[in-house]
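Contents: one structure, followed by commentary.
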Amino acid sequence: MKKLDEEKLKKVKGGVSFWVGVAIAGTIIFISGIIEGIAHPKKCNE
């Protein structure tokens, strides 16, 4: 196995990027809002 020096270790990136995480969270929130609207419909008050 190869040892990495300090500079190379700082440059290593892994996992899910920030924007992919934001997109996944936004999709989950959007879908839960749709389900909430179907399960508990409320009338619009004028």
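Each value in this text was obtained by applying a stated rule to the coordinates, not by laboratory testing. As the structure is a computational prediction, the values presented were derived from the model and not from experiment. Here the Cβ positions follow ideal geometry from the backbone for every residue, glycine too, while neighbour counts run over all protein chains shown.
For Lys3, a cut-off of 18 angstrom between C-alpha atoms picks up these lysines, skipping any fewer than 8 places away in its own chain: Lys11, Lys13. The residues Glu6, Glu36, when put in order of fewest to most other Cβ atoms within 10 Å, stand as Glu6, Glu36. When Rg and the Kirkwood Rh are both derived from Cα coordinates, the Rg/Rh ratio for the chain amounts to 1.46.
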